[in-house]
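K.L.:
What follows is a structure written as structure tokens; I'll ask about it next.
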Amino acid sequence: MSTEATCRSCGGTALEVFLSLGKMPLPDAFLTEEARSEPEPRYPLDVAVCPECALVQILEEVPPEKLFVENYLYFSSFSDALLRHARDHAMGLVESRRLGAGSLVVELASNDGYLLKNFASAGVPVLGIDPAPEPARAAEAAGVPTLREFFGTDLARRLVAEGKRADVIVANNVMAHVPDLNGFVAGMAVLLADDGLITVENPYVRDLVDHGEFDTIYHEHFCYFSCTSVDTLVRRHGLFLNHVEYFPDLHGGTLRWHIAKREEPTDAVRGYLAEERRRGVGRPAFYRDFAARVEGIRDELVALLRGLKDGGARLAGYGAAAKATILLNYTGIGSDLLDFIVDRNVHKHGLYMPGVHVPITGPEALAERRPDYTVILAWNFRREIVHQQAAYAEQGGRWIVPIPSVEVV
Ligand code: DWN
Ligand code: ZN
């Protein structure tokens, strides 16, 4: 289906919509008891691919202040796996880039300081940039200086005028989150030292399609990247995609793109670009059957839960995640099926899931209330969660994993 929208990266007008998830509430807009009786804004969630530059993107543009400032409760530090990933990344960069007291590492969307604190403890000067007040407050408490702003060319120019140039810029799970994609990349080019390195991490759109990860599509994610779309995007700003690392178990399949001002591509990045050309990741045909597969996952999951519930089973969920908001609202799974959802993030306890209003509580409820089945809504952390909640399975509890395919484990 064509649309009059223009591509966020290249301005192309041939965008082709391949999936419509309907009108969705904001994914991290958890509700207090009193907010439940107030109307919840919902926005259309349509996904398109640009045949000119391969960028997959949503059409709707919710103001970032609504998405990331008003009561944004996502804290990166509630995942041990993510903390390990961040520490390995930081220590690797300190060594490979020979960072020291005269260096500067800047993180865009630094959240609660989960990554930068590793550089700081190695004696490397850091600067966090993140508009979300609660996580930024936590970062400051962890000793990470944080600017509570959105990043773009204006802020980059201001920092350079103050004499700051970044030896390393880290941008994890943020380049997909900015409405002004070109402004964001241009800002990184301004702030980066001439021999500096930018590392960008985002879920990989190839895995999103291959593994049916439709619930990772939400209004916080304006774009869904391939190596092809990143390569085209950064070249527009005098930057080059030189290397890529793959993390299959992170957020459903994540790539880390290494970007710099000198063109020095590795075999890894040449390999990914060649494979994407071979599979047609940049062409609409690659996405054409995705909607049908998403409907299949929906129908199978609802039938399973409905059957278990009708058979007298009690059901719950694990992970009050942004992706859970999409999965529950798209499938229509609500408190008629799930009695409650548990989450380690204490800031979410006592709140309700957007749209479906399932109550959120702490993981101890699994042992206390002993639901017969628990749907792992944060399926991207299934290994960590199943290991952490081994007692639940020992008591006879059963896990249901919805993605990449519906299974009872
Ligand atoms: O891009 C984004 C990703 C990185 O994080 C953000 N825009 C929003 C957010 O998306 P999400 O909420 O779907 O992310 P997570 O990290 O997959 O959410 C996991 C949820 O599960 C969190 O609420 C924390 C919780 N959790 C838990 O309760 N116990 C996580 C782990 C690992 C656990 O052991
Ligand atoms: Zn484009």
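The values are calculated or read from the model by the stated rules, or taken from the named source; none is laboratory data. Since we're looking at a predicted model, the values are computed, not measured. All Cβ positions, glycine included, derive from the backbone under ideal geometry; neighbour counts span all protein chains shown. Protein only, heavy atoms only, side chains kept; ligands, DNA and RNA dropped before computing areas. Shrake-Rupley method; radii C 1.70, N 1.55, O 1.52, S 1.80 Å.
K.L.:
So how many residues does segment 267-285 have that are open to solvent by 30 Å² or more (accessible area, probe 1.4 Å) and in contact (Cβ under 8 Å) with a residue 12 or more places away in the chain? Even if it seems obvious, please write down each step before you answer.
P.N.:
From segment 267-285, those open to solvent by 30 Å² or more (accessible area, probe 1.4 Å) are 267-268, 270-275, 277-279, 283, 285; that's our starting set.
Imposing the further condition that a residue be in contact (Cβ under 8 Å) with a residue 12 or more places away in the chain reduces the set to 268, 272-273, 277, 279, 283.
Selection size over segment 267-285: 6.
K.L.:
Scan segment 305-361 for residues that are open to solvent by 10 Å² or more (accessible area, probe 1.4 Å), under 20 Å from residue 71 (Cβ atoms) and of a type in the set (Val, Ile, Thr) and jot them down.
P.N.:
346, 356, 361
K.L.:
With respect to residue 29, determine if the residue is hydrophobic (A, V, I, L, M, F, W, C), within 16 Å of ligand 1 (Cβ to nearest atom), more than 30 Å from residue 227 (Cβ to Cβ) and not assigned by TED's automatic domain parsing to the domain that holds residue 146.
P.N.:
Criteria met by residue 29.
K.L.:
Further question on the same structure: Within segment 272-279, does at least one residue satisfy the condition of being assigned to a helix (DSSP H, G or I) and touching a Pro at 6+ places or on another chain (Cβ under 8 Å)?
P.N.:
Taking every residue of segment 272-279 in turn, none turns out to be assigned to a helix (DSSP H, G or I) and touching a Pro at 6+ places or on another chain (Cβ under 8 Å).
K.L.:
Let me ask another. So the check is Cβ under 7 Å with 6+ separation or different chains; which pairs have a first residue in segment 352-370 that's within 17 Å of residue 395 (Cβ to Cβ) and a second one that's polar (S, T, N, Q) and part of a strand (DSSP E or B)?
P.N.:
These pairs meet every condition: 366/374.
K.L.:
Could you list all residues from segment 216-258 that are among the aromatic types (Phe, Trp, Tyr) and open to solvent by less than 10 Å² (accessible area, probe 1.4 Å)?
P.N.:
Listed by number, the residues that qualify are 222, 225, 257.
K.L.:
Additional query: Kindly indicate which of 5, 14, 29 is away from ligand 2 (no atom under 16 Å from the Cβ), out of contact with any helix residue (DSSP H, G or I) (no Cβ under 6 Å at 6 or more places or on another chain), part of a loop (DSSP other than H, G, I, E, B) and open to solvent by 10 Å² or more (accessible area, probe 1.4 Å).
P.N.:
One residue alone meets the criteria, 29.
Each row is one residue, and each column tells you yes or no for (1) of a type outside the set (A, V, I, L, M, F, W, C); (2) touching a residue at least 40 places away in the same chain (Cβ under 8 Å).
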position: 383; (1), (2): yes, yes
position: 392; (1), (2): yes, no
position: 401; (1), (2): no, no
position: 406; (1), (2): no, yes
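K.L.:
Further question: Please indicate, with yes or no, whether at least one residue in segment 394-409 is within 16 Å of ligand 1 (Cβ to nearest atom), closer than 23 Å to residue 218 by Cα, outside the structural domain of residue 215 (by TED's automatic domain parsing) and not aliphatic (A, V, I, L, M).
P.N.:
yes
K.L.:
Residues to consider are 52, 40, 70; find the one that is surrounded by fewer than 20 Cβ atoms within 10 Å (Cβ to Cβ) and within 14 Å of ligand 2 (Cβ to nearest atom). First the steps, then the outcome.
P.N.:
On the way: 40 fails: within 14 Å of ligand 2 (Cβ to nearest atom); 70 fails: within 14 Å of ligand 2 (Cβ to nearest atom).
Of 52, 40, 70, the one residue that is surrounded by fewer than 20 Cβ atoms within 10 Å (Cβ to Cβ) and within 14 Å of ligand 2 (Cβ to nearest atom) is 52.
K.L.:
Moving to a separate point now. Take the residues in segment 165-180 that are within 26 Å of residue 62 (Cβ to Cβ) and surrounded by fewer than 19 Cβ atoms within 10 Å (Cβ to Cβ); name whichever of them is nearest to the chain's Cα centre (by Cα).
P.N.:
179
Results for (1) over 30 Å from residue 72 (Cβ atoms); (2) outside the structural domain of residue 380 (by TED's automatic domain parsing); (3) of a type outside the set (Gly, Ala, Ser), shown as yes or no for each residue.
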| site | (1), (2), (3) |
| --- | --- |
| 254 | no, yes, yes |
| 272 | yes, yes, yes |
| 280 | yes, yes, no |
| 284 | yes, yes, yes |
| 300 | yes, no, yes |
| 303 | yes, no, no |
| 312 | yes, no, no |
| 319 | no, no, no |
| 325 | no, no, yes |
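K.L.:
Further question: Against the condition at pLDDT 95 or above, over 30 Å from residue 372 (Cβ atoms), of a type outside the set (A, V, I, L, M) and more than 16 Å from ligand 2 (Cβ to nearest atom), how does residue 225 come out, does it pass?
P.N.:
no
K.L.:
Restricting to segment 111-143, and then to whatever is within 12 Å of residue 90 (Cβ to Cβ) and open to solvent by less than 10 Å² (accessible area, probe 1.4 Å), can you tell me which residue is farthest from the chain's Cα centre (by Cα)?
P.N.:
If we take residues in segment 111-143 being within 12 Å of residue 90 (Cβ to Cβ) and open to solvent by less than 10 Å² (accessible area, probe 1.4 Å), then 124 is farthest from the chain's Cα centre (by Cα).
K.L.:
Take the residues in segment 17-26 that are closer than 23 Å to residue 319 by Cα and open to solvent by less than 70 Å² (accessible area, probe 1.4 Å), then tell me which one is nearest to ligand 2 (Cβ to nearest atom).
P.N.:
Out of the qualifying residues, it is 21.
K.L.:
Next question. If I filter segment 379-391 down to residues being in a helix (DSSP H, G or I) and farther than 20 Å from residue 333 by Cβ, which single residue comes out as farthest from ligand 2 (Cβ to nearest atom)?
P.N.:
Let us first name the residues in segment 379-391 that are in a helix (DSSP H, G or I), namely 379-388, 390-391.
Right, trim to farther than 20 Å from residue 333 by Cβ and you get 383-384, 386-388, 390-391.
Values: 383: 36, 384: 36, 386: 40, 387: 41, 388: 41, 390: 46, 391: 49 Å.
Selected residue: 391.
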